[in-house]
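Each remark here refers to the structure printed beneath this line.
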Amino acid sequence: MAMSFNNDVISLSKVHIETAPYGIAFNIDINSESADQDTTHTIDLQNAFLKFKKKQIHRIKTKKKKKKQFPAIPVALNSKEKLELRGKFISKLYSYIGTPYARRYHTPDCIYYKRELFLDCCGLVRRVLRDLCTDFQFCIGPWNQAYMYDTLPIKLASTDEMQPGDLVFVSATYFDNNRKRQIHDMVHVEVWLGDGDKTIGSRWFKGTVQVLESYRFVSKSYYNMEYHFCSIDTWLEGVCHSFCPDHKWITRPSTPPKHSIFNEHLSCGQCDST
C-alpha cells in the first residue's frame, strides 16, 4: 500500500496489529522513498499512550498529596485571636507590595516584565489567604472577587463599621460593551487598612500592589461605581463557602471519575460501551 505526500511516495510496508490489555496496538513501519534517503519509522501508539496515562496519574496523585486537610469543624477563635489574625493578614499583604498586576501590560524592556509573580486585585487576596490557610483553617477557591463577595455574608453599612482587614468591593459597568459582565457586576476588591480611607490592593494595570490613599477612585475601564463593605469575620471563623443562593461556586473533584482512563483502578472491561 502506498500514498503520495509532498512529492514523496510513502509505502506502508508492514502493519502489525496486536491485542493488548487496554485495546489494540498498531505498529506501523513507514518507508519513505525519496531522492535523498529512505527512513523507517516505527510508531507504537499504545506505549506512547500508556506513558502519557502514567504521567497523568502521577500528576493527580501528587496534587492530592499536596492538598491541605482542615478540620470539619473549625476551631473557634476568641476576640483576641481574631484580632491577631487580622493583623497577620494585613502584614502578609504588605509583604507583596511592589508585585506587578500582570505581565501583559508591560513591554519586554520593562523591569516588571520578567518578574515571576504577578497579582491582580483578587489574586492578591487569594494569595495571602492561601499563604495563611492553616491560620484561617480553609483553602479559598480559585475564583475572582465576585466569588469572594459571595463568601462574606456580613455586609457593612459604611466605613464607620469597618475593621482593618475587611474588604472593599467595587461593582460597576464596563465601558466596553463586548467585555463579559462579572457576576453581581463585581469588578474590583481591596483591603481596608483602618487608617483614614486607606486600602492596600492591586488597582492599576501597569501598577503594583501598593497602599492607596482612598478606596475611592476613577476608573478608565468601568463606570457607575458602587462600593460594598464586607466584614471578614466569617473567614476568621474558618468558614469559606458561597452564601449566594444563585451561585454555588462548586469546584470540580480532583479525583478522576470512576470510568476515566486516568483512574488507576480502571481495568479492561469496566468502561461503558455506550
Open item on the list: Filter segment 128-147 down to the residues that are touching a residue at least 60 places away in the same chain (Cβ under 8 Å) and either assigned to a helix (DSSP H, G or I) or outside the structural domain of residue 169 (by TED's automatic domain parsing) (or both) and list them by number.
Closed with: 129, 133, 134, 136, 146, 147
- [ ] Mind counting the residues in segment 89-127 that are assigned to a loop (DSSP other than H, G, I, E, B) and in contact (Cβ under 8 Å) with a residue 12 or more places away in the chain?
- [x] 13
TODO: Please give the number of the condition residue 179 fails out of (1) loosely packed, with under 14 Cβ neighbours inside 10 Å; (2) touching a Cys at 6+ places or on another chain (Cβ under 9 Å); (3) not aromatic (Phe, Trp, Tyr).
DONE: (2)
TODO: Return yes when residue 198 is more than 21 Å from residue 97 (Cβ to Cβ) and basic (Lys, Arg) and no when it is not.
DONE: no
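For every residue, the table says whether it meets (1) aromatic (Phe, Trp, Tyr); (2) within 22 Å of residue 242 (Cα to Cα); (3) at pLDDT 90 or above.
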{"site": "43", "(1), (2), (3)": "no, no, no"}
{"site": "47", "(1), (2), (3)": "no, no, no"}
{"site": "76", "(1), (2), (3)": "no, yes, yes"}
{"site": "85", "(1), (2), (3)": "no, yes, yes"}
{"site": "97", "(1), (2), (3)": "no, no, yes"}
{"site": "112", "(1), (2), (3)": "yes, no, yes"}
{"site": "130", "(1), (2), (3)": "no, yes, yes"}
{"site": "136", "(1), (2), (3)": "yes, yes, yes"}
Open item on the list: Every residue in segment 67-88 that is surrounded by 13 or more Cβ atoms within 10 Å (Cβ to Cβ) and either in contact (Cβ under 8 Å) with a residue 24 or more places away in the chain or on the phi > 0 side of the Ramachandran plot (or both), please.
Closed with: 70, 74, 77, 82, 85, 86, 88
Task: Of residues in segment 119-150 being of a type in the set (Val, Ile, Thr) and under 17 Å from the mean Cα position of the chain (by Cα), the one farthest from residue 101 (Cα to Cα) - done: 140
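The values are calculated or read from the model by the stated rules, or taken from the named source; none is laboratory data. Quick caveat, the model's predicted, so the values are computed rather than measured. Note: ideal-geometry Cβ built from the backbone for every residue, glycine included; neighbour counts use all protein chains shown.
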